[in-house]
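The values are calculated or read from the model by the stated rules, or taken from the named source; none is laboratory data. In this text the structure is predicted, and so the values were computed from the model without any measurement. Using ideal geometry, Cβ is built from the backbone for each residue, glycine included, and neighbour counts are taken over all protein chains shown. Surface areas here come from the heavy atoms of the whole protein model, side chains and all, with no ligands, DNA or RNA. Shrake-Rupley method; radii C 1.70, N 1.55, O 1.52, S 1.80 Å.
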Amino acid sequence: MSEENVSGCTHDCSTCGANCPSKNQPQDLHEPLNAFSSVKHVIGVVSGKGGVGKSMVSSMLAVLLQRQGFRVGIIDADVTGPSIPKAFGLKKPVEGEDGAMLPPATTTGIEIMSANLLLDEEDKPVIWRGPVIAGMVKQFWTDTVWTDMDYLIVDCPPGTGDVPLTVFQTIPLDGVVIVTAPQDLVSMIVSKAAHMADMMHIPVLGLVENMSYVKCPDCGKEIKIFGESHLDEIAAKFGYDVLARIPVDPKLTQLADKGWMEMMENNYMDAAVETIREKTGEVENK
Ligand code: ADP
């Protein structure tokens, strides 16, 4: 039965008992961007829990894409553990204009929106309930002026709880990158993230294993401190690509700590960026 066949259809399904096909379609809750923004691709970076390197992977992705000539922004949606501004040494406050927020830019021009840039003291903890956090992330998308962005990277809150779910529902992600660490319960984490992405009809661009190994500074041997990884088997089971394996590298910790991510010199994520470019149809060089 179509809506037109229901006598007196008001097109307000919330008050109607008729079983129209349109009513059974999943509702699109994505929020529109404002009139001043334009964003070509939105990539979510997700993980099962905090501390596995989600912000590290988001930052590396942003730096590499920006170096290839794309205009890149980052939404730091990990509101209770925001680490993106620090990794880029960004301290400029967010400016406002006519109710819209203008994201400050890093030295090389990556634009960033983060709760840390809105707080008076960056080391004060954010003690807010889920709906407040979710509301803030929504505003990072709807009320921020994202000018001609090629890629907007969303550093999502960890896990599959209320806040990450709201992020998935609010921001129309083109795809997600799942970050795991070998000491994680990788299979369970990938399976949960996969399930959530599936439910939301968001493609999984691939898996990144962070803290995969340590390279011996003397002989160059790769030491798997957390034992053999089963990432390939898990990736095959779900039909996902393994985009990158990033070692524990003290240089990375130092770069993020000092705010020097843009000076990063390594090739850990080079192939991952190529795959993401391919999967988002950006094969032409900028
Ligand atoms: P998450 O965003 O998942 O909470 P972070 O990206 O903030 O995790 O990483 C947690 C800590 O580990 C940070 O201090 C970060 O600099 C460090 N770190 C992350 N990945 C690596 C790595 N591959 N090598 C060295 N340090 C890392």
Exercise. Of all residues in segment 30-54, which are in contact with a helix residue (DSSP H, G or I) (Cβ under 6 Å, 6 or more places away or on another chain) and within 13 Å of the ligand (Cβ to nearest atom)?
Worked result: V45, V46, S47, G48
For this session: Scan segment 33-46 and give yes if some residue there is modelled with pLDDT under 95 and surrounded by 22 or more Cβ atoms within 10 Å (Cβ to Cβ), otherwise no.
Result: yes
Exercise. Is at least one residue of segment 112-120 more than 19 Å from I153 (Cβ to Cβ), at pLDDT below 85 and not in a helix (DSSP H, G or I)?
Worked result: yes
For this session: Output the number of the condition that H195 fails; it satisfies all remaining conditions of (1) within 21 Å of R67 (Cβ to Cβ); (2) in a helix (DSSP H, G or I).
Result: (1)
Exercise. Of all residues in segment 248-261, which are part of a loop (DSSP other than H, G, I, E, B) and either crowded, with 17+ Cβ neighbours inside 10 Å or within 6 Å of the ligand (Cβ to nearest atom) (or both)?
Worked result: V248, D249, G259
Exercise. In segment 160-180, which residues are within 12 Å of the chain's Cα centre (by Cα) and not in a helix (DSSP H, G or I)?
Worked result: I171, P172, L173, D174, G175, V176, V177, I178, V179
For this session: Only one of these is farther than 22 Å from L65 by Cβ, within 16 Å of the ligand (Cβ to nearest atom) and open to solvent by 20 Å² or more (accessible area, probe 1.4 Å): G96, G161. Name it.
Result: G161
For this session: Can you work out which of the residues in segment 183-213 that are closer than 20 Å to P247 by Cα and modelled with pLDDT of 85 or more is surrounded by the most Cβ atoms within 10 Å (Cβ to Cβ)?
Result: V208
